[in-house]
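Novice: One structure is given below, represented as structure tokens, and several questions about it will come after.
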Amino acid sequence: MVLKSMVASASDLSLVSVAGNPPLDLKNRVFGSRVISLGFRFNKGSKWKGNERFNFKVRAAVEVGVERSKSKALEGGFGLDVVSEAELTVKGFAGLRKTKLVCTVGPACSSMEDLENLALGGMSVARLNMCHGTREWHRDVIRKIKKLNEEKGFCVSVMIDTEGSQIHVVDHGAPSSVKVEEGSNWVFTAEHYEGSRPFTVQTNYRGFSEGTEVGDELVIDGGMACFEVTEKTGNDLHCKCIDAGLFLPGAKFSFWRDGKLVRGNNKLPTLSTKDWADIDFGIAEGVDFFALSFVNHADSVKDLKMYLSTKSTKSIKVLAKIESLESLHKLEEIVRASDGIMVARGDLGVEIPLEQIPTVQEDIIYVCRQLNKPVIVASQLLESMVEYPTPTRAEVADVSEAVRQYADALMLSGESAIGSYGRKALAVLDMASSRMESWNRAENRQSLVSHHQLGESLPECITEQICNCAVEMANNLGVDAIFVYTKYGHMASLLSRNRPNPPIFAFTNDDSTRMALTLQWGVVPILVDLSDDAESNISKSVQLMKSRGLISQGDVVLVVSDVAPTRASPMAFQSIQVKTII
């Protein structure tokens, strides 16, 4: 049942009864054996519009131990990825890093050995940028990642990043980066030719020079190098380098006049013909995410999601990249339409003043958390490590600030794709993230966010309240872990939204859900067989983790379950339980 409107909020619920609860010795975490039942009612004055008939039971329970039944392991094995299992074995629950790490795969890290090293280093999502390489090359990488997942036990999801409506370099005369010297003269052309020409740059868009004038500045990759337009001949531009720098393969460029951006691609659609072909390619290869470039309105996201729903039997998530001024003006509607957001700071820094980037980044992360959408902070996190083995201290501070703001994920671009020190760069992200998370916990900064209510129906609001209360209980009781049993990942994402102190283990029997949860902060997805019996699921999963030495006697686990009504059990059952392992 879905209600058309509602006026009750989280503050409209109050605790009305606590029955049979012995004192809790939280210091030693020894729990009594009696059950605590919590009832909720609406405060006076709260109203739900509509003819409501609910058959919900909401309870919290504290029990000693786990059922000592001789239940067999779940059929189909235990789908916890080998990296999380190893970290849990060595570091324990408190040592698990919660911020997810995304690596862009390029020529520097596309071998099976390199991909395995990145997976072992903590890569949760492999990003493929369709601006570079052929589809055959990308297909090879995708199949290598899937092979590693199947044969080595990893859980690395695959993201395709569309090229989008952007003007970029097709060829700059060299297979790798080129150092541009100040005073050198270059020609930018839309002419397509075989091979390369010295000091000649081939672009991807025939109308790239429309609207430009002599004296305009051509800026490469947001400031990596800068040229002044000295002559315009047809569609060709003759330019002189006025700021020396690095020219990367596939570099994007923009035009500026009198300190303002000259818009030369307003007529270009969000998704080009090539993008749609790349999307069909991604569907055929079974990717897990599409990152949509240069999203200026929610309609393009909705169109792609509708297309995916008709073309793919698999649930593929759509992320919107925030990299233009228009996208900031329509941020909330874009976030609502998307399954997640990427803060593309490189291109965004071309369109807004540089000094605004830190506050805009924090605002985007806040909006995403309010609307329960995962957010990736991307671009130039460790840019110096494209060429050097050690990051600058400012870069480490930047990474730490993104973690402090509770971004779901951090992303390496050129550092892993073309850099010589991709694995070291990933290790820096891992180390800096873990350190900042530990500091946040020590400083008790992991507080609940002031929530924007998402649910529109009573069942949805109950689910939100369950997850909010569960995280508050987990933090207050100091439990070791949170277990959640979920089909589509919604409850796991609501728990993640609250950024709890303990890690979240999300048990699901849906592989698409498992791969989507690789991007959620603090969530360790586990693929298992689930039944309609909540208690059986809990007992079996705990026994499996005990059998692998992942939990031990004395560990305290908060369990959240959501069992949909069936013909045999018409009551929808949602519960919070706290279990001490014996």
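Novice: Ignoring ligands and nucleic acids, what accessible area does C469 show with a 1.4 Å probe (Å², nearest 10)?
Specialist: For C469, the solvent-accessible surface is approximately 40 Å².
Novice: Reported to two decimal places, what Rg/Rh ratio describes segment 168-261 when computed on Cα atoms with Rh from the Kirkwood expression?
Specialist: 0.92
Novice: If you don't mind, another one. Going 7 Å from the Cα of K147 toward and past its Cβ, which residues in segment 277-296 have a backbone nitrogen under 17 Å from where you end up?
Specialist: Counting backbone N atoms under 17 Å from the label point, the list is 285-286.
Novice: Longer than 20 Å from Cα to Cα, which of K100/K317; K152/K314; K146/K314; K179/K252 are they? Say none if no pair is.
Specialist: Where the Cα-Cα span goes over 20 Å, the pairs concerned are K152/K314.
Novice: For V82 and E535, calculate 0.36 nm times their separation in residues minus their Cα-Cα distance, and state this gained length in nm to one decimal.
Specialist: Contour length minus the Cα-Cα distance gives 160.4 nm.
Novice: Another question, then. Just the number please: accessible area per residue for segment 168-261, 1.4 Å probe, all protein chains included, in Å².
Specialist: On a per-residue basis, 49 Å².
Novice: Express in nm, to one decimal, how much length is gained between N235 and A427 on full extension, taking 0.36 nm for each residue of separation and deducting their alpha carbon distance.
Specialist: 64.6 nm
Novice: When ligands, DNA and RNA are left out and all protein chains stay put, how many square angstrom of accessible area per residue does segment 447-581 have with a 1.4 Å probe?
Specialist: Value returned for segment 447-581: 33 Å² of accessible area per residue.
Novice: In the neighborhood of Y388, defined by Cβ-to-Cβ distances under 12 Å, what is the net charge if each Lys or Arg adds +1 and each Asp or Glu adds -1?
Specialist: Charge balance near Y388 sits at -3.
Novice: Projecting each Cα onto the charge dipole of segment 447-581 (Lys/Arg +1, Asp/Glu -1 at the beta carbon, about the Cα centre), which of L544, A492, I462 comes out farthest on the positive side?
Specialist: L544
Novice: While we're on this one: What are the ³J(HN,Hα) values, in whole Hz, obtained from phi via the Karplus relation 6.51 cos²θ - 1.76 cosθ + 1.60 with θ = phi - 60°, for each residue of segment 289-295 in sequence order, with x given for Gly and Pro?
Specialist: 9, 10, 9, 8, 7, 6, 7
Novice: Solvent-accessible area of T513, probe 1.4 Å, all protein chains present, reported in Å² to the nearest ten, please.
Specialist: 10 Å²
Novice: Taking R0 as 25 Å, what FRET efficiency do you get between F199 and E136 from their Cβ-Cβ distance, rounded to the nearest 0.05?
Specialist: With R0 = 25 Å, the Cβ-Cβ based efficiency is 0.25.
Novice: Continuing with the same structure: What is the sum of charges, Lys and Arg at +1 and Asp and Glu at -1, for the other residues whose Cβ falls under 13 Å from the Cβ of E113?
Specialist: So the environment of E113 carries a net charge of +2.
Novice: If I take every Cα pair under 8 Å that is 6 or more residues apart in segment 168-261, average their sequence separation and divide by the length, what percent do I get for the relative contact order?
Specialist: Rounded, it is 37 percent for segment 168-261.
Novice: Using a 1.4 Å probe on the protein chains only, how many percent of the accessible area of segment 168-261 belongs to carbon and sulfur?
Specialist: About 47 percent, which is the carbon plus sulfur part of the accessible surface.
Novice: Heads up, I need the accessible area for K146: 1.4 angstrom probe, whole protein in place, Å², nearest 10.
Specialist: Accessible surface of K146 is approximately 60 Å².
Novice: Here's a follow-up. How large is the dipole of segment 168-261 about the Cα centre if only Lys and Arg carry +1 and Asp and Glu carry -1, each at its Cβ, rounded to the nearest 20 debye?
Specialist: Value, rounded to 20: 160 debye.
Novice: If packing is taken as the mean number of other Cβ atoms within 10 Å per residue, what is the order of 533-542, 231-240, 188-197, 503-512, highest first?
Specialist: Top to bottom by mean Cβ count within 10 Å: 503-512, 533-542, 231-240, 188-197.
Novice: For segment 447-581, which whole percent of the accessible surface, found with a 1.4 angstrom probe, sits on carbon and sulfur atoms?
Specialist: 48 percent
Novice: Further question: How far apart, in nm, are two points set 7 Å out from the Cα along the Cα-to-Cβ line at R336 and at D258?
Specialist: Once both label points are built, they end up 3.8 nm from each other.
Novice: Please report the equivalent ellipsoid semi-axes of segment 112-228, computed as sqrt(5 x eigenvalue) of the Cα gyration tensor, largest first, in whole Å.
Specialist: The equivalent ellipsoid of segment 112-228 has semi-axes of 36, 15, 14 Å.
Novice: Just the number, please: carbon plus sulfur as a percent of the accessible area of segment 81-132, 1.4 Å probe, no ligands or DNA/RNA counted.
Specialist: Ligands and nucleic acids excluded, carbon and sulfur reach 55 percent.
The values are calculated or read from the model by the stated rules, or taken from the named source; none is laboratory data. Quick caveat: nothing in here was measured; it's all calculated off a predicted structure. A quick note on method: Cβ atoms are made from the backbone with ideal geometry, for glycine too, and the neighbour counts reach across all protein chains shown. Surface areas here come from the heavy atoms of the whole protein model, side chains and all, with no ligands, DNA or RNA. Shrake-Rupley method; radii C 1.70, N 1.55, O 1.52, S 1.80 Å.
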